[in-house]
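Read the structure below first, then the notes.
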């Protein structure tokens, strides 16, 4: 699956979020690719799941991808929970 | 936890800031003094937030002011500032605001050094106890001890 980490410039928090997501995926043994991008290009990138902050989450909701808001970009627990939720929802 | 080694001059403890723009200028001050960034970089950080919203909030109560390397970075750098009083950011999208006490100002030259710094910051804020500990300091000396 494809995960998109989104922030304002695609350079700070989204990269941090990508690093966290990469660690989570590795630990869980999930086959996924994580890409960091800015909010401007996020909508044109095909992804299964978008991870971002609260504010951008409400902007990106309703598109083709599932969206999960993350409060702490460095928290493996929080990112793991978001990915688990997404997998449960899609496997229904 | 990977340690962040920071010289004392890059760790600041402040009572309060007038507003978020003031907070960003304060957090950039040590980097500016050491000529690691230019005044253009400071203004770019503020302009970016005005345009894109407070995307610099990377964890509860933690802000990561930064702009792009080409917006005025001379040398890679990092500074940590703790404000005893919370600094508020307006969120035009939702109409409410969020707050931060800890400002980690980031200046990166290239993507490799940038990733290295982000990793260090990440290991610092992953632990919410560390955030609380930093936030609860009552003086600059106390804050320096955390990083000593």
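The values are calculated or read from the model by the stated rules, or taken from the named source; none is laboratory data. The structure presented is a predicted model; accordingly, all values stated were derived computationally and were not measured. With ideal geometry, Cβ positions are generated from the backbone for all residues, glycine too; neighbour counts draw on all protein chains shown.
General observations
- Check on residue A:62, surrounded by fewer than 21 Cβ atoms within 10 Å (Cβ to Cβ), within 24 Å of residue B:105 (Cβ to Cβ), at pLDDT below 95 and out of contact with any strand residue (DSSP E or B) (no Cβ under 8 Å at 6 or more places or on another chain): no
- Within the range A:55-92, if we keep just the residues that are outside any helix (DSSP H, G or I) and in contact (Cβ under 8 Å) with a residue 60 or more places away in the chain, the residue that is nearest to the other protein chains (Cβ to nearest Cβ) turns out to be A:73.
- Test: residue in the range B:2-20 that is assigned to a helix (DSSP H, G or I), away from chain A (no Cβ under 11 Å) and under 11 Å from the mean Cα position of the chain (by Cα): yes
- From the options B:75, B:70, residue that is more than 8 Å from chain A (Cβ to nearest Cβ) and either free of Cβ contacts under 8 Å to residues at least 40 places away in the same chain or more than 26 Å from residue B:144 (Cα to Cα) (or both): B:70
- The range A:1-14, subset at pLDDT 90 or above and surrounded by fewer than 23 Cβ atoms within 10 Å (Cβ to Cβ), residue farthest from residue B:115 (Cα to Cα): A:1
- Residue B:99, sole failed condition from (1) at pLDDT below 95; (2) more than 11 Å from every other protein chain (Cβ to nearest Cβ); (3) within 21 Å of residue B:17 (Cα to Cα); (4) in contact with a helix residue (DSSP H, G or I) (Cβ under 6 Å, 6 or more places away or on another chain): (4)
- The number of residues in the range A:38-54 that are buried (at least 20 other Cβ atoms within 10 Å of the Cβ) and either touching a helix residue (DSSP H, G or I) at 6+ places or on another chain (Cβ under 8 Å) or not in a loop (DSSP other than H, G, I, E, B) (or both) comes to 7.
- Restricting the range A:16-33 to residues that are surrounded by fewer than 22 Cβ atoms within 10 Å (Cβ to Cβ) and touching a strand residue (DSSP E or B) at 6+ places or on another chain (Cβ under 6 Å), the residue that is nearest to residue B:119 (Cα to Cα): A:22
- Residue that is farthest from residue B:63 (Cα to Cα) [pool: residues in the range B:112-125 that are within 10 Å of another protein chain (Cβ to nearest Cβ) and without any contact (Cβ under 8 Å) to a residue 40 or more places away in the chain]: B:115
- Residues located in the range A:1-26, provided they are more than 14 Å from chain B (Cβ to nearest Cβ) and in contact (Cβ under 8 Å) with a residue 40 or more places away in the chain: A:1, A:2, A:3, A:4, A:25
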